[in-house]
Amino acid sequence: MGLTITEKIIKSHLLEGAMERGKPAAIRIDQTLTQDATGTMAYLQFETMGLDRVKTELSVSYVDHNTLQEDWKNMDDHRYLQSAAAKYGVWFSRPGNGICHQVHLERFGAPGKTLLGSDSHTPTGGGLGMLAIGAGGLDVAAAMGGGAFHLVMPKIIGVRLSGALSGGASAKDIILELLRRETVKGGIGSVYEYCGGGVETLTVPQRATIANMGAELGATSSVFPSDEVSRQFLADRGREGVWQDLEADGDAVYDRIIGIDLSALKPLAAQPHSPDAVCAVAEIAGLAVDQVVIGSCTNSSLDDLAAAAEILKGKTIHPRVSAAVAPGSRAVLLAAEKAGILGELIRAGFRILESACGPCIGMGFAPKSGGVSLRTFNRNFKGRSGTSGAMVYLVSPETAAAAALTGCITDPSSLSFIRRETRAFLSRDERDNMGMLIPPPAPEAAAEILIERGPNIKPCPGPRAAEDSMDLPVLLKAGDNITTDDIMPAGAKVLPLRSNIPEIAKFVFTQLDPGFWERARNAGSGLILGGVNYGQGSSREHAALAPMYLGIRAVLAKSFARIHKANLINFGILPLVFADPGDYDRIAQGDLLEFRGVRSFLEAGIGGKAVLEALNRTKGGTCALYLEADERDRRMLLAGGLIPYTKLS
């Protein structure tokens, strides 16, 4: 039986386990990336390992999130990251060089390699034929130290593309169509692997857009073949030497196959407040628009900017619209200037933002109160834009440009434009200019480097080992699809505190319940109640780390998102699932739940199945809970998390 691309990469990197769906496995990681919002904690954790240098083939520390320097905090963090990178053998991408996923694709991505990143959109690398996976910073720190990455062998879903895009449809519409069908939880425990004749019609930036937003499906990763299109992409950037041909065998077996006819696709939009609330742009055409933003790690390539510029060429944006563009990297910015694309956008009325994440994470350019904002981003969770009452729609660059021009949601198919070829503008000057990327010094020089630590850099707090008996109040009852933005908000006020857990913990659940922090502090310990797909969205481990600091010992939910569940385990928080989902309705916020025999439950589950009963001492009655975890995860929970488990191993 033949192998899929995913299986080929896993097989060549397999360290433990077998390639059996649903079974635990461990793989070698070739490359890692961190970004500054998650990186400070990842490097603080790496320091606890006592190693002199990272053990990966390549590790890169990017600064792309916290680039608004309202005071000293962000700059202090950047100095810490730069000095830590130099000391431990890590490349450093300076502020302004671009968004980690865009830059990594351009400069370091290589077909057939494994990439682990402390950002949920790391699967962007799958557009180049990598197995790229998002994880918590602690998992990335372990990989930098030479440790394996542990995962459950995923299901592999084939997405067979046929035909070719036409009219106003774009790559963004392909992934929106998949989200419309699969929902934000449809890909949990799976990798989406793209195949079929339609693949060869898509450029690498288009493939990267699709792979990037595969994270919104809850997927482990998304993977495209490495073919002639991939080779040309790398050759244009002077990196053809890393190319390899990589495709699924003809008799490869997928768990299921989804077919999408590209020629039948129409422009789509994800409506507020979820990436899977997808409809045709034509259905909501005419809705007045206040703001348009083109950028983010999803749609900020030169091709994306060129598509918008062609629609706006020689025209001016509507008076009601405030519009901005954030090129994904410095290379894109330089090429867009050379091609005249930047000038077209500026003359049309667009503001040029920094090559960074910016508005996608609530770092500037927030919409007006109650405003309608069209964004080429990947998430439109309520409040993520920085304005809690804003109505954010996720669209393609073509749809965004059309709305900027007309002042209302407009199907770009109704406009006349021709997509521009941009390859000629990737000159050797832009390809070879690495001034914003700082390579690590030689090991002998690194030994003399002192790491700079500002007053905002605090040690990572340690977790507690699992206790056999716990009486825990329900500190919060949350609903379905709770995001890590709901648990730990982003934005200019909160993100600068990522390296200061005592301070950032004050913002846990503030969007859902402003009184949570004080209630948790007074209680000393407790648990969270959640619904389906608890913890979807960003990989931010602070959504587990800060609750751990506040004494959260368990989360009871109907189901969990992959990365957040791993982060909970990494920090010693029990992610327990209701055996009977109806028990969720029988528990209220404020109820006191009694747990007995927790350690024996964790030990009994090793090599078998076990159920933990919780007694509701407030209302009476019990509920049965189970833990979907392998032996390693259970031993980690017994120890209190990944760091104490590693020290015991």
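The values are calculated or read from the model by the stated rules, or taken from the named source; none is laboratory data. Just so it is clear, the model here is predicted, and its values are computed rather than measured. All Cβ positions, glycine included, derive from the backbone under ideal geometry; neighbour counts span all protein chains shown.
Does at least one position in the range 27-50 carry a residue that is assigned to a helix (DSSP H, G or I) and among the charged types (D, E, K, R)? Can you show your working first?
Taking the range 27-50 as the starting set, the residues that turn out to be assigned to a helix (DSSP H, G or I) are 36-47.
Restricting the remaining residues to those that are among the charged types (D, E, K, R) gives 36, 47.
Yes: one or more hits.
Here is a list of conditions, (1) closer than 19 Å to residue 99 by Cα; (2) in contact with a helix residue (DSSP H, G or I) (Cβ under 7 Å, 6 or more places away or on another chain), and residue 360 meets all of them except one; can you say which number that is?
It is condition (2) that residue 360 fails.
Listed here are the residues, each with its yes/no results for (1) of a type outside the set (Phe, Trp, Tyr); (2) modelled with pLDDT under 90; (3) within 20 Å of the chain's Cα centre (by Cα).
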position	(1), (2), (3)
33	yes, no, yes
36	yes, no, yes
42	yes, no, yes
46	no, no, no
53	yes, no, no
56	yes, no, no
59	yes, no, yes
62	no, no, yes
66	yes, yes, yes
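Does the range 561-583 include one or more residues that are out of contact with any Ser or Thr (no Cβ under 7 Å at 6 or more places or on another chain), closer than 29 Å to residue 123 by Cβ and of a type in the set (Lys, Arg)?
Checked the range 561-583: at least one residue is out of contact with any Ser or Thr (no Cβ under 7 Å at 6 or more places or on another chain), closer than 29 Å to residue 123 by Cβ and of a type in the set (Lys, Arg).
Go through the range 8-53 and give me each residue that's crowded, with 22+ Cβ neighbours inside 10 Å and either more than 30 Å from residue 76 (Cβ to Cβ) or small (Gly, Ala, Ser) (or both).
9, 10, 27, 37, 39, 42, listed by residue number.
Does residue 480 satisfy the criteria of being in a strand (DSSP E or B), modelled with pLDDT of 90 or more and either basic (Lys, Arg) or surrounded by fewer than 19 Cβ atoms within 10 Å (Cβ to Cβ) (or both)? Spell out how you get there, then give the answer.
On the way: in a strand (DSSP E or B): no; modelled with pLDDT of 90 or more: yes; either basic (Lys, Arg) or surrounded by fewer than 19 Cβ atoms within 10 Å (Cβ to Cβ) (or both): yes.
When the stated conditions are applied, residue 480 does not pass them.
In the range 158-187, how many are on the phi < 0 side of the Ramachandran plot and either assigned to a loop (DSSP other than H, G, I, E, B) or over 20 Å from the mean Cα position of the chain (by Cα) (or both)? Reasoning before the result, please.
First, pick out the residues of the range 158-187 that are on the phi < 0 side of the Ramachandran plot: 158-162, 164-166, 168-182, 184-187.
So of that shortlist, the ones also either assigned to a loop (DSSP other than H, G, I, E, B) or over 20 Å from the mean Cα position of the chain (by Cα) (or both) come out as 158-162, 164-166, 168-170, 181, 184-187.
Counting residues in the range 158-187 that are on the phi < 0 side of the Ramachandran plot and either assigned to a loop (DSSP other than H, G, I, E, B) or over 20 Å from the mean Cα position of the chain (by Cα) (or both) gives 16.
Based on this model, can you work out whether residue 344 counts as free of Cβ contacts under 8 Å to residues at least 40 places away in the same chain, of a type outside the set (Val, Ile, Thr), within 19 Å of residue 391 (Cβ to Cβ) and assigned by TED's automatic domain parsing to the domain that holds residue 364? Lay out the reasoning, then the answer.
Values: free of Cβ contacts under 8 Å to residues at least 40 places away in the same chain: yes; of a type outside the set (Val, Ile, Thr): yes; within 19 Å of residue 391 (Cβ to Cβ): no; assigned by TED's automatic domain parsing to the domain that holds residue 364: yes.
Criteria not met by residue 344.
Considering only the range 596-648, give the helices (runs of 4 or more DSSP H) lying wholly within it that have at least 1 residues that are within 17 Å of residue 577 (Cβ to Cβ) and either in contact with a Leu (Cβ under 6 Å, 6 or more places away or on another chain) or at pLDDT below 90 (or both).
Working: elements: 598-604, 631-639, 642-648.
Per the criteria, 598-604, 631-639.
Of (1) polar (S, T, N, Q); (2) touching a strand residue (DSSP E or B) at 6+ places or on another chain (Cβ under 7 Å); (3) buried (at least 24 other Cβ atoms within 10 Å of the Cβ), residue 56 satisfies all except one. Which?
Looking at each condition in turn, residue 56 falls short on (3).
If residue 551 satisfies every condition in (1) under 29 Å from residue 34 (Cα atoms); (2) in contact with a Phe, Trp or Tyr (Cβ under 9 Å, 6 or more places away or on another chain) but one, which is the exception?
Of the numbered conditions (1) under 29 Å from residue 34 (Cα atoms); (2) in contact with a Phe, Trp or Tyr (Cβ under 9 Å, 6 or more places away or on another chain), the odd one out for residue 551 is (2).
In the list 332, 293, which residue meets the criterion of being of a type in the set (Val, Ile, Thr) and at pLDDT 95 or above?
Numbers: 332 fails: at pLDDT 95 or above.
After ruling out the rest, the residue left standing is 293.
From 593, 527, grab the single residue that is assigned to a strand (DSSP E or B), modelled with pLDDT of 95 or more and either over 27 Å from the mean Cα position of the chain (by Cα) or assigned by TED's automatic domain parsing to the domain that holds residue 139 (or both).
Working: 527 fails: either over 27 Å from the mean Cα position of the chain (by Cα) or assigned by TED's automatic domain parsing to the domain that holds residue 139 (or both).
Of the residues listed, the single one that is assigned to a strand (DSSP E or B), modelled with pLDDT of 95 or more and either over 27 Å from the mean Cα position of the chain (by Cα) or assigned by TED's automatic domain parsing to the domain that holds residue 139 (or both) is 593.
When both residues are 6+ apart or on different chains and their Cβ atoms are under 7 Å apart, which pairs have a first residue that lies in the range 6-18 and is closer than 15 Å to residue 156 by Cα, and a second that is in a loop (DSSP other than H, G, I, E, B)?
Correct list of pairs: 7/19; 9/112; 10/19; 11/3; 11/19.
Go through the range 188-200 and give me each residue that's within 18 Å of the chain's Cα centre (by Cα), among the small types (Gly, Ala, Ser) and modelled with pLDDT of 95 or more.
If the condition is that a residue be within 18 Å of the chain's Cα centre (by Cα), among the small types (Gly, Ala, Ser) and modelled with pLDDT of 95 or more, then 190 is the only one that fits.
Restricting the search to the range 282-309, which residues are hydrophobic (A, V, I, L, M, F, W, C) and either in contact with a Lys or Arg (Cβ under 7 Å, 6 or more places away or on another chain) or surrounded by fewer than 22 Cβ atoms within 10 Å (Cβ to Cβ) (or both)? Outline the logic, then answer.
Kept after step one, since they are hydrophobic (A, V, I, L, M, F, W, C), are these residues of the range 282-309: 282, 284-285, 287-289, 292-294, 297, 302, 305-309.
Correct list: 282, 284, 285, 287, 288, 293, 306, 307.
Can you tell me how many residues in the range 109-156 are β-branched (Val, Ile, Thr) and surrounded by fewer than 24 Cβ atoms within 10 Å (Cβ to Cβ)? So that I can check it myself, show each step before the final result.
First, pick out the residues of the range 109-156 that are β-branched (Val, Ile, Thr): 114, 122, 124, 133, 140, 152, 156.
If we keep only those that are surrounded by fewer than 24 Cβ atoms within 10 Å (Cβ to Cβ) too, we end up with 152.
The total comes to 1.
Just checking, how many residues over the range 81-114 are farther than 20 Å from residue 438 by Cβ and of a type outside the set (Gly, Ala, Ser)?
Residues that pass the stated criteria total 3.
Restricted to the range 51-96, and to residues that are aliphatic (A, V, I, L, M) and not in a loop (DSSP other than H, G, I, E, B), which residue is nearest to residue 377 (Cα to Cα)?
The initial filter retains those residues of the range 51-96 that are aliphatic (A, V, I, L, M), namely 51, 54, 58, 60, 63, 68, 75, 81, 84-86, 90.
So of that shortlist, the ones also not in a loop (DSSP other than H, G, I, E, B) come out as 58, 60, 75, 81, 84-86.
Details: 58: 28, 60: 23, 75: 26, 81: 26, 84: 31, 85: 29, 86: 32 Å.
The extreme case among them is 60.
Filter the range 417-452 for residues that are under 29 Å from the mean Cα position of the chain (by Cα), modelled with pLDDT of 75 or more and surrounded by fewer than 16 Cβ atoms within 10 Å (Cβ to Cβ); which is farthest from residue 405 (Cα to Cα)?
Applying the filter and picking the extreme gives 452.
Go through the range 97-111 and count every residue that is under 10 Å from residue 331 (Cβ atoms) and outside any strand (DSSP E or B).
Just the residues of the range 97-111 that are under 10 Å from residue 331 (Cβ atoms), to begin with: 97-98, 102-103, 106-107.
Filter once more, keeping what is outside any strand (DSSP E or B): 97, 102-103, 106-107.
Residues meeting the conditions: 5.
So, of the residues in the range 219-270 that are assigned to a helix (DSSP H, G or I) and of a type in the set (Asp, Glu), which turns out to be nearest to residue 109 (Cα to Cα)? So that I can check it myself, show each step before the final result.
Residues of the range 219-270 that are assigned to a helix (DSSP H, G or I), as a first pass: 228-236, 240-242, 262-264.
Those still in the list that are of a type in the set (Asp, Glu) too: 228, 236, 240.
Working: 228: 16, 236: 14, 240: 11 Å.
In this case the residue turns out to be 240.
Please enumerate the residues belonging to the range 157-182 that are touching a helix residue (DSSP H, G or I) at 6+ places or on another chain (Cβ under 8 Å), surrounded by fewer than 19 Cβ atoms within 10 Å (Cβ to Cβ) and either closer than 23 Å to residue 274 by Cβ or at pLDDT below 95 (or both).
166, 167
Can you tell me how many residues within the range 488-504 are part of a helix (DSSP H, G or I) and either modelled with pLDDT of 95 or more or of a type outside the set (A, V, I, L, M, F, W, C) (or both)? Before you say what the answer is, go through the steps one by one.
Applying the first criterion (part of a helix (DSSP H, G or I)) to the range 488-504 yields 495-497, 501-504.
After this cut, where a residue has to be either modelled with pLDDT of 95 or more or of a type outside the set (A, V, I, L, M, F, W, C) (or both) as well, the list is 496, 502-503.
Residues that pass the stated criteria total 3.
Which condition number in (1) surrounded by 24 or more Cβ atoms within 10 Å (Cβ to Cβ); (2) hydrophobic (A, V, I, L, M, F, W, C); (3) in a loop (DSSP other than H, G, I, E, B); (4) out of contact with any helix residue (DSSP H, G or I) (no Cβ under 8 Å at 6 or more places or on another chain) is the one that residue 509 fails?
It fails just one condition, (4).
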